[in-house]
Each structure stands twice: as C-alpha cells, then as structure tokens.
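Visitor: Next up is a structure, given as structure tokens.
The values are calculated or read from the model by the stated rules, or taken from the named source; none is laboratory data. No experiment lies behind these values; they were computed from the predicted model shown. Every residue, glycine among them, receives a Cβ derived from its backbone with ideal geometry; neighbour counts consider all protein chains shown.
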Amino acid sequence: MKKFLGMVLALPASVLASEPVAQVVAPVAKSGIAGQLTQLVLGLLLVLGLIFLLAWLLRRVQQAGPAGKGQVIELIGSRALGPRDRLVLVQVGSEQILLGLTPGSITPLHVLKEPVQVPSTEQATPEFAQRLMELLGKDQKDKK
C-alpha cells in the first residue's frame, strides 16, 4: 500500500487530471496574444471614454448652477499672511467685512464703513493655459 501511495505521489499532476492537458491548453492557445491585446486595448478605451464622459457631465452640471448670481456672500480679495493664516475680504449684501482665517478659527477683524471698489480687470491667463486653450480650439470668450 505504501509503495502504491508513493508511486501516485510521484506522478505528475497532469496524469492525475481528469482531462488531458492538451485539451485544457488548446482554448487558451487559440485566443493567442492578439486576442488578449485587443481585449486589453478595448478595456482601456472603455475606461478612458468613461472618464471623459464623467468629466464632461461634471462640467455641464457645474455650469448649470448659478454662476455667482444670486449668492449672498462674495469673496472680494484674499491675502496670505503665512503658510496657514489668511486675511479675507468678503461682501455680505452691501457690507464688506475683513476676516482673519487661521486653521482653528475665523475672526471678524473689521467692518468697512465704505466698501472697497475692486477694479474688474480680467485675470491674465498664463501662457501655457492660453496656448493649451488655443490648441483645443477654445478662445477666451468660452472661459466665462
């Protein structure tokens, strides 16, 4: 009995399998590397398409909301005082308030008697962003 068990354990696993190895390997060999590569490329294109579709939908949803109109609080200006501290000028209705922002608190520092008039100059687009927009076929008017 021990000799029989030793012989069975010494045999390769393919001999003990119910199906011959040639039949198991044949379907994999038929698909070949071209089939696997095609499946990989199609999967990648599907994922990239899904990413672009979701980005497009997100952009559409964000544009559908009110673009600064109808909001009660508006950020007028901001200045960094340190790596984590800032001064922020906000307008609430017709009143402007200077706030001090720290990681743990927001402190009103001063309520301005006369609102500060901020010139409405358009921000200069960095050269790289401008060049990219030109390549994508968008001009500055589409930015708003």
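Visitor: Of all residues in the range 73-101, which are under 15 Å from V118 (Cβ atoms) and not in a strand (DSSP E or B)?
Guide: S94
Visitor: Still on this structure, please answer the following. Of (1) out of contact with any helix residue (DSSP H, G or I) (no Cβ under 6 Å at 6 or more places or on another chain); (2) assigned to a helix (DSSP H, G or I); (3) at pLDDT below 85, L50 satisfies all except one. Which?
Guide: Unmet for L50, out of (1) out of contact with any helix residue (DSSP H, G or I) (no Cβ under 6 Å at 6 or more places or on another chain); (2) assigned to a helix (DSSP H, G or I); (3) at pLDDT below 85: (3).
Visitor: List pairs: first residue in the range 72-97 and modelled with pLDDT of 85 or more, second residue among the charged types (D, E, K, R) and surrounded by 11 or more Cβ atoms within 10 Å (Cβ to Cβ) anywhere in the structure, Cβ distance under 7 angstrom, at least six positions apart or on different chains.
Guide: Listed by first residue and then by second, the contacts come to S78/R86; R79/R86; A80/R86; V90/E74; Q91/E74.
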